[in-house]
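Written out below as structure tokens is the structure these notes cover.
The values are calculated or read from the model by the stated rules, or taken from the named source; none is laboratory data. These numbers were taken from a predicted model, which means no experiment stands behind them. In this analysis, Cβ positions are derived from the backbone assuming ideal geometry, glycine residues included, and neighbour counts consider all displayed protein chains. Remember, those area values only see protein heavy atoms, side chains included, never the ligands or the DNA or RNA. Shrake-Rupley method; radii C 1.70, N 1.55, O 1.52, S 1.80 Å.
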Amino acid sequence: MASLLGLLALQVQSVSAQSSNDEDIKTVPLRTHSLYQPYLDSELQSRWFDWGGDTIIRADQYIRLTSDRQAQSGWLWSRLPLTATNWEIEFEFKIHGAGNLYGDGMAMWITKQRAQTGPVFGSVDKFEGLGIFFDTYKNNRPGIIFPYVMAMLGDGETSYNHENDGKDNELAGCSARGLRGAVIPTKGKLTYFQENYLQLELQYKNEDQWVTCFNVHNVTLPQIAYLGFTAHCGELSDNHDIITISSKNLYSINPNRPDSNSQTTRPNKITEKPATESGGWGWFFLKFVVFIVVLIGGYVGYTAYRAQKRSSRF
Ligand SMILES: [Ca+2]
């Protein structure tokens, strides 16, 4: 019985170790969706990104989507769609300006549409895919602290509603007081594991301190979607700068996991319904059943042997 309990304890330990170890996630840089200074090649082009509208580039400093002037609108889009199944996009940005009143904000996009100017933070409405809005101007959301960072999943038909800062179609969001004009480099990190979760982390309070803005499950993004950043100013203005974009493909390298080296592997750190964890428990249950069957088999065999021996004596 003691050995059975020992076996149980060992199994539970190994399952929890599996689910908390996130060193099994391998990252591979996605050059096609990354951008660093000086941004441009010798022919003043970018191989992997297009830009337009009022966007200006200072090769040693930033890509400025809008300057601190009224009625500005600018965009920056990847040329190729993001085809990796699981990915992480880390980006440094800066929202700042001289005014006491400022706006409207910027957006990050993973959408089918690309490179068009429009009314939703500088891009098109009725988009298909993911929009994340860094909204610095509160139109009407009583009780919410701004800047407010909000995600919306667009179906290609639904409009973003500026009247209530997109509340109608909010997938997830968070307040980020201090994000605009922060003294440290402000960064975002968007992580997507297909059919598992979408997470946004932000860095704006202290350097190297990430806060989770949201983590939502059951999110499916379009198979073919482009990475974009856009910004818009109306009567109020601000500088909206992109400093760097660093994208990575993510996948598991643990050879003991059933779907290792596949791009569809789930991360170990997620404890909600990962396939391998339920597999672990299933395996444990099977072992347990086999153990009991062997135990019963042994006992039955032994009693039969004893009975036979007893009967052969007479
Ligand atoms: Ca707003």
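One table, with the values for the structure above:
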quantity: Charge tally in the Cβ shell below 14 Å around D208, where Lys, Arg are +1 and Asp, Glu are -1, D208 excluded; calculated: -1
quantity: Efficiency of FRET from Cβ geometry, V216 and Q116, R₀ 25 Å, rounded to 0.05; calculated: 0.40
quantity: Euclidean distance of C-alpha centroids, region 78-155 and region 219-235, integer Å; calculated: 6
quantity: Exposure ranking of W51, W75 by accessible area [1.4 Å probe, largest first]; calculated: W51, W75
quantity: R0 of 41 Å, Cβ-Cβ distance V293-V28: FRET efficiency to nearest 0.05; calculated: 0.35
quantity: Accessible heavy-atom area order of V28, V293, V183, highest first, probe of 1.4 Å; calculated: V183, V293, V28
quantity: Residue-count net charge about A71 - beta-carbon cut-off 10 Å; Lys, Arg +1, Asp, Glu -1; calculated: -1
quantity: Mean Cα-pair separation over length for region 24-252, i.e. relative contact order, pairs under 8 Å, 6 or more apart, %; calculated: 35
quantity: Rounded accessible area of W109 (nearest 10 Å², 1.4 Å probe); calculated: 0
quantity: Fraction of accessible area attributable to carbon and sulfur, region 24-252 (%, probe 1.4 Å); calculated: 45
quantity: Semi-axis lengths (Å, descending) of the ellipsoid that matches the C-alpha gyration tensor of region 24-252; calculated: 23, 21, 18
quantity: Heavy-atom accessible area order for E128, E201, E195, largest first, 1.4 Å probe; calculated: E195, E128, E201
quantity: Kirkwood hydrodynamic radius (C-alpha pairs) into Stokes-Einstein, region 172-225, 25 °C and 0.890 mPa s, D in µm²/s; calculated: 200
quantity: K112 - accessible surface, heavy atoms, 1.4 Å probe, Å² rounded to 10; calculated: 100
quantity: Set K167/K187; K112/K205; K126/K189; K126/K205; K138/K248; K26/K205 screened for pairs whose C-alpha atoms are more than 31 Å apart; calculated: K112/K205; K126/K205; K138/K248
quantity: Area of F193 that stays accessible when all protein chains are in place (1.4 Å probe, Å², to 10); calculated: 10
